[in-house]
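Beneath this line is the structure, given in structure tokens, with notes to follow.
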Amino acid sequence: MLARVVKVAGWLGIATAGLVLVGLAVLAARIVLHRQTDDAERLESKRAYLDGIRKDAERTGSGPNLVLIVFDDLGYGDIGVYGSRAIRTPRLDAVAATGATFRHAYSASPYCSGARAGLLTGRYAVRSGLDHVVQAPGTWQDLLLRVGWRNRRLPAEEITLGDVLRAAGYATGLFGKWHLGDESPSLPGDLGFDSFYGLLHSNDQGQPALLEGRTVVEPHPIDQTTLTRRYTDRAVAFIERHRERRFFVYLPHTFPHVPLHASAGAHKRSAAGLYGDVVEELDASVGRIVDALAHAGVAGDTLLVVTSDNGPWFQGSPGGVRGRKFDVFEGGMRVPLIAAWPGRVAPGQVIDEPVIAIDLFPTLLELAGLPPPPDRVIEGRSLAELLGITPERGDQTHPTAILFHQLGVPRAVRVGRFKYHDPHRVPFGNPMDWPWAPTSRRGPYLFDLAADPDESYDVSERHPEVVEDLRAILEQRRRELAENPRGWRQR
């Protein structure tokens with residue numbers, strides 16, 4: 001009897017080992033065979049659209065210079081005009097005083113790559129299959145993306161702000177963090193930028209190296225204490241070099257993403273520790289850009305926009321609201337947004353209407369006099385009227401829904417003062433100090449952000465009709481994504 005048991009156990013062990021080997025072989029095959037492909041038909045329609053922009057000299061002959069500054073993981077409450085008392089940001093506060101401050105602006109995604117994909121395309125990141133964090137090659141996180149056959153770069157058929165503006169005759173420069181792919185055809189030069197100087201990934205991923213164009217000019221380890229200054233130097237030189245030509249400067253800073261680094265001149269100056277030093281140096285960088293525009297004599301011809309990709313991570317202030325980076329609660333999604341254009345955007349504006357980063361794509365295209373791509377859904381809406389740059393059209397008949405996605409799944413929606421969350425997993429505290437942070441499925445919730453901006457009190461029982469309306473929006477969104485995930489229009 002014992003011999004039989006031993007024999008059976010031996011066979012079971014062999015079978016288990018065999019299954020493990022088969023599983024490992026399948027995983028290895030998925031990693032090796034992973035290839036992201038691009039949509040040839042949509043690539044052709046992209047080329048036709050951009051060719052039309054290039055040929056239409058009359059339409060593309062006007063428009064302001066455009067400067068878009070994006071901080072990485074800067075909190076809503078980390079700027080003076082948004083309530084910070086520990087961090088001094090006099091140059092950002094001055095920009096806000098000369099233009100418009102949005103109090104309810106949202107990221108396109110609660111993490112880096114998705115936020116950038118949405119901002120640059122005017123479409124939620126789920127459309128490009130990039131509503132997650134792109135990882136550096138050779139890391140275990142990148143292997144997981146390959147195993148799951150997830151996109152590792154922005155698809156080449158997506159149309160970026162750089163693509164359209166370059167086709168319209170703008171000089172386009174990117175100085176900072178890309179984080180939308182580390183191989184062709186999804187490098188900055190492939191997707192609209194004449195000049196690139198910066199990192200392809202976050203500064204904590206793999207072995208970050210500094211590139212100029214496609215060439216590594218400083219291999220790992222790089223001097224991160226000088227990154228903010230060097231990005232700014234390049235942007236200032238680009239503005240000066242193209243003062244006689246329309247230009248688009250995209251300045252997506254590496255910081256205050258961790259690990260934090262500040263230059264020797266900024267170190268130990270802020271009451272908010274090293275994080276505050278980093279933000280105060282970023283504030284000085286904004287000041288240098290503003291000064292460069294004035295020195296080049298183009299300040300009155302330039303729209304300057306400053307924002308953050310998403311909410312703060314381990315440090316930084318979400319401004320007293322609930323949640324942080326990776327959350328679809330306000331702390332992960334609400335970001336500072338400041339826009340200034342002397343003589344065109346009235347100074348001192350405070351705008352309370354909810355807006356989202358995907359709105360910047362149609363806004364900048366409208367101001368440049370350019371039509372949107374006709375073959376795809378552009379989910380953002382132009383803010384030109386809201387900023388007072390263009391006359392009121394009177395066609396906004398109802399509040400626009402702001403959608404909140406997490407790993408490609410619609411999780412929450414805001415319309416007007418109300419925000420609805422479908423049930424989803426949220427961090428769950430535990431006194432046992434577990435090595436893996438537990439989560440618990442919670443919701444649905446309805447929050448009245450006018451009375452409860454930090455999402456502390458569920459009022460779904462008080463407003464069942466609002467719950468039904470907003471839930472219906474999410475359900476419709478899921479159906480629409482299932483039927484047309486990429487948002488292509490029939491031609």
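Residue under question is Glu244, and the condition is that it be part of a loop (DSSP other than H, G, I, E, B), charged (D, E, K, R) and free of Cβ contacts under 8 Å to residues at least 40 places away in the same chain; does it hold? Spelling it out, Glu244 is indeed part of a loop (DSSP other than H, G, I, E, B), charged (D, E, K, R) and free of Cβ contacts under 8 Å to residues at least 40 places away in the same chain.
Filtering the stretch 302-322 to residues that are at pLDDT 95 or above, open to solvent by 10 Å² or more (accessible area, probe 1.4 Å) and among the small types (Gly, Ala, Ser) leaves Gly316, Ser317, Gly319. Taking the stretch 156-219 as the region of interest, the strands (runs of 3 or more DSSP E) fully inside it that hold 3 or more residues being touching a residue at least 12 places away in the same chain (Cβ under 8 Å) are 171-177, 195-199, 210-212. Residues considered: Arg152, Arg91, Arg123, Arg127. Of these, the only one that is open to solvent by less than 20 Å² (accessible area, probe 1.4 Å), at pLDDT 95 or above and in a helix (DSSP H, G or I) is Arg127.
Note on the stretch 185-217: residues that are open to solvent by less than 40 Å² (accessible area, probe 1.4 Å) and at negative phi total 19.
The rows are residues; the columns are (1) in a strand (DSSP E or B); (2) touching a helix residue (DSSP H, G or I) at 6+ places or on another chain (Cβ under 7 Å); (3) open to solvent by less than 10 Å² (accessible area, probe 1.4 Å).
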{"site": "Gly300", "(1), (2), (3)": "no, no, no"}
{"site": "Pro336", "(1), (2), (3)": "yes, yes, yes"}
{"site": "Ala339", "(1), (2), (3)": "yes, no, yes"}
{"site": "Pro342", "(1), (2), (3)": "no, yes, no"}
{"site": "Asp359", "(1), (2), (3)": "no, no, yes"}
{"site": "Pro362", "(1), (2), (3)": "no, no, no"}
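Remark: pairs (first residue in the stretch 392-416, in a loop (DSSP other than H, G, I, E, B); second residue at pLDDT below 95; Cβ separation under 8 Å; 6+ apart in sequence or on different chains) = Gly416/Pro399. With the requirement that a residue be surrounded by 20 or more Cβ atoms within 10 Å (Cβ to Cβ) and in contact with a helix residue (DSSP H, G or I) (Cβ under 9 Å, 6 or more places away or on another chain), what does the stretch 218-237 give you? Within the stretch 218-237, Thr228, Tyr231, Thr232, Ala235, Val236 qualify. Kindly establish whether Ala284 is farther than 22 Å from Thr172 by Cβ and touching a Leu at 6+ places or on another chain (Cβ under 9 Å). The answer is no for Ala284. Just one of the listed residues (Thr390, Thr400) is farther than 25 Å from Gly114 by Cβ and out of contact with any Leu (no Cβ under 8 Å at 6 or more places or on another chain), and it is Thr390. Here the stretch 469-491 is the region considered, the condition is being outside any helix (DSSP H, G or I) and in contact with a helix residue (DSSP H, G or I) (Cβ under 9 Å, 6 or more places away or on another chain), and the residue that is least open to solvent (accessible area, probe 1.4 Å) is Gly487. Evaluated against (1) at pLDDT 90 or above; (2) open to solvent by 60 Å² or more (accessible area, probe 1.4 Å), Arg425 falls short on exactly one condition, (1).
The values are calculated or read from the model by the stated rules, or taken from the named source; none is laboratory data. A quick note: this is a predicted structure, and the numbers were derived from the prediction, not measured. For neighbour counting, all protein chains shown are included, and Cβ atoms are generated from backbone atoms with ideal geometry for every residue, glycine included. When the accessible area is computed, the model is the full protein with side chains, heavy atoms only, and any ligands, DNA or RNA have been set aside. Shrake-Rupley method; radii C 1.70, N 1.55, O 1.52, S 1.80 Å.
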